[in-house]
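The values are calculated or read from the model by the stated rules, or taken from the named source; none is laboratory data. Owing to the predicted nature of the structure, the values given are computational and were not obtained by experimental measurement. Cβ sites come from the backbone with ideal geometry, for glycine too, and all protein chains shown count toward neighbours.
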Protein chains: 6
Amino acid sequence: MARILVINPNSSQSVTTSIDEALAPLRWPGGPTIDCVTLKEGPPGIETQAHVESVVEPIARRVGADTADAYVIACFSDPGLYLARETVRKPVVGIAESAILLAAGLAYRFGIIAILPTSIPRHLRYVRSLGFEHRLAGDRALGVGVEGLADRAAVIDKIVAAGSRLRDEDGAQVVLLGCAGMGRYRPELEDRLGIPVVDPCQAAVARATSLLALGYGKIA
Amino acid sequence: MARILVINPNSSQSVTTSIDEALAPLRWPGGPTIDCVTLKEGPPGIETQAHVESVVEPIARRVGADTADAYVIACFSDPGLYLARETVRKPVVGIAESAILLAAGLAYRFGIIAILPTSIPRHLRYVRSLGFEHRLAGDRALGVGVEGLADRAAVIDKIVAAGSRLRDEDGAQVVLLGCAGMGRYRPELEDRLGIPVVDPCQAAVARATSLLALGYGKIA
Amino acid sequence: MARILVINPNSSQSVTTSIDEALAPLRWPGGPTIDCVTLKEGPPGIETQAHVESVVEPIARRVGADTADAYVIACFSDPGLYLARETVRKPVVGIAESAILLAAGLAYRFGIIAILPTSIPRHLRYVRSLGFEHRLAGDRALGVGVEGLADRAAVIDKIVAAGSRLRDEDGAQVVLLGCAGMGRYRPELEDRLGIPVVDPCQAAVARATSLLALGYGKIA
Amino acid sequence: MARILVINPNSSQSVTTSIDEALAPLRWPGGPTIDCVTLKEGPPGIETQAHVESVVEPIARRVGADTADAYVIACFSDPGLYLARETVRKPVVGIAESAILLAAGLAYRFGIIAILPTSIPRHLRYVRSLGFEHRLAGDRALGVGVEGLADRAAVIDKIVAAGSRLRDEDGAQVVLLGCAGMGRYRPELEDRLGIPVVDPCQAAVARATSLLALGYGKIA
Amino acid sequence: MARILVINPNSSQSVTTSIDEALAPLRWPGGPTIDCVTLKEGPPGIETQAHVESVVEPIARRVGADTADAYVIACFSDPGLYLARETVRKPVVGIAESAILLAAGLAYRFGIIAILPTSIPRHLRYVRSLGFEHRLAGDRALGVGVEGLADRAAVIDKIVAAGSRLRDEDGAQVVLLGCAGMGRYRPELEDRLGIPVVDPCQAAVARATSLLALGYGKIA
Amino acid sequence: MARILVINPNSSQSVTTSIDEALAPLRWPGGPTIDCVTLKEGPPGIETQAHVESVVEPIARRVGADTADAYVIACFSDPGLYLARETVRKPVVGIAESAILLAAGLAYRFGIIAILPTSIPRHLRYVRSLGFEHRLAGDRALGVGVEGLADRAAVIDKIVAAGSRLRDEDGAQVVLLGCAGMGRYRPELEDRLGIPVVDPCQAAVARATSLLALGYGKIA
């Protein structure tokens, strides 16, 4: 039976738990096992380029040490994606690229909700490097740090506020959550925003599941 | 239990059977039921714009008359996609757009194998309208009609020839089969080409499965 | 003497009459005859994808049954353009593509005035498929249905309001009317907006006239 | 009665005569008068940037001194287009931009036939500045100077050779003649190439005629 | 010892003096001599297309008559750049293209501050012809003529106002001064705007210095 | 007096020596001191993603530990660029981005010479993320490893072969060396290829020199 390893590269077990919880709809009898693990070497949250770089090699080591059939790197910066792909000859997917691919199939223009304003230039570079800049309606920041994401009501209000501007001012028809661990808010967010919301961890695990079912291996 | 209706818009039962056969890896206990049906009103093969247009309304009627949870239009022209989406408030996916989205996650540049040279301008317009022109390495035709697709050995040789040129001359890192019903050739094609091959019907059903699992509804 | 057949695919004779009236400047002694006809099978107005698809085959039949020298499909969705082109070996032009080509020669960035907000995604896809997305400054909707277009003063006020925002907020240097039958308002609209306004029916007939004069046949 | 002034900015009366001859299909009773004049100050042919620049101000003076209703600058470098537009509040069109707009309505991808290889970078910059780079299939040079264009048979053979490569290797569906004065070869070229050929002078005069008929003034 | 000739194509000696002053940081013992000269034939300021064209040939003559090792055309329209490059087999750089290249290395998206609104379409065409449209965040005009640039305090206030909108509304991360002679305001502007400011004359002379040091000749 | 630190992230002292030698033209009395150092922690050559990632943090530490005024990361993968920029508030430039910016000022279309074929997808992603894909004519590999670069005659022959194809088949007007340490071959390569050749290390140090002279700080 196939197994997907989901690596949360920050050391916050609560984030891993949130990710795990949001993946419930992707678990079914006979379907792949989905194991969510916390990268102990990671920082509590990934907010800076230093945080991103610090987990690149640990992620690849974690990938190389696990005999899973596919791997998900559960941080919206897709840290270490290309190194991990060089490490194993099996599918390794990032949650940001997976969210973009899912969103691109839900509507023409998507908006991204960043945690911090400083992530936006990194998002723009990444969206461009994937060739999706024509699809990006906008990128707006919540202005809270990873630790601030724990206050459910406040976070949802902020996401709804940013998402509403993406929808109304920028023309986004679908909104991507630019952070792992908020997938469980999707139902409430979709209710309040009235447009689809993409949780990147769900997107990535669904994609890994498809790749495994169809027998694809290493991603180029 | 969820059910996906796959509509082959041409009237060739043998194509429907081939599609059905290639979907075996997407069937599992507890997973969605996948029903493949033939559109009796369709032409034997969809080769011209007249063929495309002739099935648009029949497809939408078929979609509207079936209580499936998601729908796949199994022709690489994605005929009637927007009309079908207007008809039901559930996911309707085309196989061409699904193949492109899957390919875009397998490698940077994809090539398309068209059946006939006359399909190529239609492909180019469609790829552009989806915003993926930067990803398209090339589009090359087999030069056989739909009826000629029955000769397995000859077809595979022609696909390998076209795919090799896409790979070597155009820089394609993954190849899309621009036709329904050839998914069962994937293993042999991947062996001979050495790069991933996308069967659009598999891509579409896998995508529909993900959309259902994640609770997405109507596509914008 | 050459003859151009202008097909209004909706069944509103009053729209056909308006189109016909706006074409007066393109009629001259010795020039092509311009015949405007109403597609009886069409819906009263073309507002939905179902309306668009319902006229595709009737338009092609009408084209195939008429020995005109060139054909104009007078609906801003350019319904059935590719099917009609497959039907006759003579020029068939759509009014939307013609309006875009004319506008692209009048200024760098054009804005589109849609009738309904639901038309905007269709416009965006179409503009992209033609490769003009860099020229599109914006697309704004009047928010009135086709039937509401009869109230001249109200419609002109709404067009001026939308056009002013396209000009001032979006940077449009020329405005396209995203609907047939409003060409007679051009003088008043240009007076009030201070920038050129393109009536797509005028644009299409002028283009058909040029193609005939220069001896071009079927459009690829 | 409207009058269009076509200015051949090189001093070769034979080129002006050729241009004039190719415009016959655009003259009809009641249509605009089309006057072709030679810019005496111009060089015998426009092959270098120095040639281009040397005619910019003379063209504008010629435009300013003539009470025509519209003006065509009949050199494929569109020299002095923006200056001429600043000089009169009437339509001034260049033949290169007009050829591109006409070609863009005849097929998706066009090829350009340059006289000299040194013109190609200038063409590319210009096509880009107009936003049509996605439509350009290729640009190939004849490798003859303006004076060499007089030998009809040799020139046609060279154009057919370059056009065939544009069609077969670059995917051009329509070919633009990147030079004034070759419009009379269109029938033979289209016969031999099997795809439409655009004479930029014809394209420009047809466009000017349309702009006048529809009452457009200064181009932004 | 290498020498760079900086040609101010307007006849305002005060502008030349300002340019010269802002180049102080690029002068060092052993570095290239930087000579700033005023083009006597030029208009007092370059505001219209007629002004631009009037200096094209005088600039090329000035370039051809001077044995400098590299040349800078110090007007943001880069007038006569291609003609000057055809005249000498040494580097000739324009200040607008140089400013764009420098800005593209300082941040992802740049904004341009135009003197007059009428310059903006010219800027857009030029940015596109260089292939940098994806990097352009916006272009906003001061609305003062060249003569109005003398009032230091007023000009700085206006630049800060336009630059703030480019930064806050358009997302510019760096601002280009779309005019020669304002480089000495850079420190104050950077202080008030909080983002880098590019003086095109400094950018061009720095680039010329690099090209000379590395032994590059004629620019293609 | 300003100082630029050039960090060769591979541990090959001979490469550092070659880089240093090629920088001679950028050293002048009174100009910045240019110190080239070898990153001892680096691998002998940077050929894989693992090599790239392994030097990211060591480079940043080296940058953080040195009080230079500007920093150059002398590997064509620009490893650790964003991390180093987060580390110090001074200019940090990569040699690949610097080579692209220099090339973009030398001609319209540039070609890249990769060492190994596996570097090409990485180059394409990077060129796209910088927004220069329209300028890239092609990317061709030598097919030798870093160690094979020592054989001067063989390497030059291979570069000339790849550069000739970039020039003749792909339309490159300038060629970038996709590797550090080959700058000293520029004169011979330019002689044989007849077009400019960009050594990325020279490009980066020239750019750093300009940024320092003009007082720019941290790059966004």
### Complete set of residues in the range A:29-55 that are in a strand (DSSP E or B) and of a type in the set (V, I, T)
A:T33, A:I34, A:V37, A:T38
### Task
Restricting attention to the range C:20-47, report how many residues are under 17 Å from C:G181 (Cβ atoms), in contact (Cβ under 8 Å) with a residue 40 or more places away in the chain, out of contact with any strand residue (DSSP E or B) (no Cβ under 8 Å at 6 or more places or on another chain) and buried (at least 18 other Cβ atoms within 10 Å of the Cβ).
4
### Message
Looking at the range A:77-94, I want the residues that are within 11 Å of chain F (Cβ to nearest Cβ) and under 14 Å from A:V56 (Cα atoms) and have a partner that is in a loop (DSSP other than H, G, I, E, B) and hydrophobic (A, V, I, L, M, F, W, C) with Cβ atoms under 6 Å, at least 6 apart or on another chain. Which pairs are those?
### Response
A:R85/A:I219
### Message
Is it the case, given these coordinates, that A:G163 is in contact with a Leu (Cβ under 7 Å, 6 or more places away or on another chain) and either more than 30 Å from C:A137 (Cβ to Cβ) or more than 14 Å from chain F (Cβ to nearest Cβ) (or both)?
### Response
yes
### Message
For the range F:164-220, give me each residue that is closer than 25 Å to F:S12 by Cα and touching an Asp or Glu at 6+ places or on another chain (Cβ under 6 Å).
### Response
F:L177, F:G183, F:R184, F:R186, F:V197
#### Entry: Among the residues listed as D:S77, D:S129, the single one being farther than 30 Å from B:S119 by Cα, out of contact with any Pro (no Cβ under 6 Å at 6 or more places or on another chain) and at pLDDT below 95
D:S129
### Message
Against the condition under 14 Å from the mean Cα position of the chain (by Cα) and either basic (K, R) or facing another protein chain (nearest Cβ under 8 Å) (or both), how does E:E53 come out, does it pass?
### Response
no
### Summary
When (1) modelled with pLDDT of 95 or more; (2) closer than 19 Å to F:V198 by Cα are applied to F:A70, the one that fails is (2)
### Query
Going by the conditions given, is A:A68 within 14 Å of another protein chain (Cβ to nearest Cβ) and either in a loop (DSSP other than H, G, I, E, B) or in contact with a strand residue (DSSP E or B) (Cβ under 9 Å, 6 or more places away or on another chain) (or both)?
no
### Query
Only one of E:I100, E:I112, E:I4 is over 30 Å from F:S129 (Cα atoms) and surrounded by 23 or more Cβ atoms within 10 Å (Cβ to Cβ); which?
E:I4
### Query
Among the numbered criteria (1) over 14 Å from the mean Cα position of the chain (by Cα); (2) closer than 21 Å to E:A203 by Cα; (3) surrounded by 19 or more Cβ atoms within 10 Å (Cβ to Cβ), which single criterion is violated by E:V72?
(1)
### Sole exception among (1) in contact with a Lys or Arg (Cβ under 6 Å, 6 or more places away or on another chain); (2) at pLDDT 95 or above; (3) of a type outside the set (F, W, Y) for C:L177, by number
(1)
### Query
Do we have B:A50 as more than 30 Å from A:E97 (Cα to Cα), free of Cβ contacts under 8 Å to residues at least 40 places away in the same chain, surrounded by 23 or more Cβ atoms within 10 Å (Cβ to Cβ) and outside the structural domain of B:S119 (by TED's automatic domain parsing) here?
no
### Message
Residue under question is B:A114, and the condition is that it be within 28 Å of A:K90 (Cα to Cα) and of a type outside the set (D, E, K, R); does it hold?
### Response
no
### Count of the range C:1-18 residues which are in contact (Cβ under 8 Å) with a residue 40 or more places away in the chain and within 14 Å of chain D (Cβ to nearest Cβ)
2
### Query
Do we find a residue being in a helix (DSSP H, G or I), under 18 Å from the mean Cα position of the chain (by Cα), at pLDDT 90 or above and more than 14 Å from every other protein chain (Cβ to nearest Cβ) anywhere in the range A:137-155?
yes
### E:I59 being modelled with pLDDT of 95 or more, more than 14 Å from chain D (Cβ to nearest Cβ) and touching a helix residue (DSSP H, G or I) at 6+ places or on another chain (Cβ under 8 Å)
no
### Message
Restricting to the range F:98-114, name every residue that is under 18 Å from F:M182 (Cβ atoms) and assigned to a helix (DSSP H, G or I).
### Response
F:S98, F:A99, F:I100, F:L102, F:A103
### Query
Given the structure, is D:I59 of a type in the set (A, V, I, L, M) and within 28 Å of D:S210 (Cα to Cα)?
yes
### Query
Yes or no: E:R89 modelled with pLDDT of 95 or more, assigned to a loop (DSSP other than H, G, I, E, B) and under 24 Å from D:H123 (Cβ atoms)?
yes
### Message
With the structure loaded, tell me whether E:A107 is in contact with an Asp or Glu (Cβ under 6 Å, 6 or more places away or on another chain) and among the small types (G, A, S) or whether it fails that test.
### Response
no
### Task
State all residues of the range C:1-28 that are closer than 19 Å to C:A70 by Cβ and assigned to a helix (DSSP H, G or I); if no residue qualifies, say none.
C:T16, C:I19, C:D20, C:A22, C:A24, C:P25, C:L26
### Message
Just to be sure before I move on: is F:A172 outside the structural domain of F:E47 (by TED's automatic domain parsing), outside any helix (DSSP H, G or I) and touching a Leu at 6+ places or on another chain (Cβ under 8 Å) in the structure I sent?
### Response
yes
### Task
With the condition kept exactly as written, say whether any residue in the range D:73-83 is hydroxyl-bearing (S, T, Y) and touching a strand residue (DSSP E or B) at 6+ places or on another chain (Cβ under 8 Å).
no
### Task
Would you check if there is a residue in the range B:115-131 being aromatic (F, W, Y) and either more than 12 Å from every other protein chain (Cβ to nearest Cβ) or outside any helix (DSSP H, G or I) (or both)?
no
### Query
Inside the range D:26-49, can you point out the residues that are over 16 Å from the mean Cα position of the chain (by Cα) and more than 19 Å from D:R62 (Cα to Cα)?
D:R27, D:W28, D:P29, D:G30, D:G31, D:P32, D:T48, D:Q49
#### Entry: Top-ranked residue in the range E:187-212 [being part of a helix (DSSP H, G or I), touching a residue at least 60 places away in the same chain (Cβ under 8 Å) and hydrophobic (A, V, I, L, M, F, W, C); ranked as nearest to the other protein chains (Cβ to nearest Cβ)]
E:A206
### Query
Would you call D:S18 over 20 Å from D:V198 (Cβ atoms) and touching a helix residue (DSSP H, G or I) at 6+ places or on another chain (Cβ under 9 Å)?
no
### Task
Sort out which residues of the range C:100-146 are polar (S, T, N, Q) and free of Cβ contacts under 8 Å to residues at least 40 places away in the same chain, and write them in order of number.
C:S129
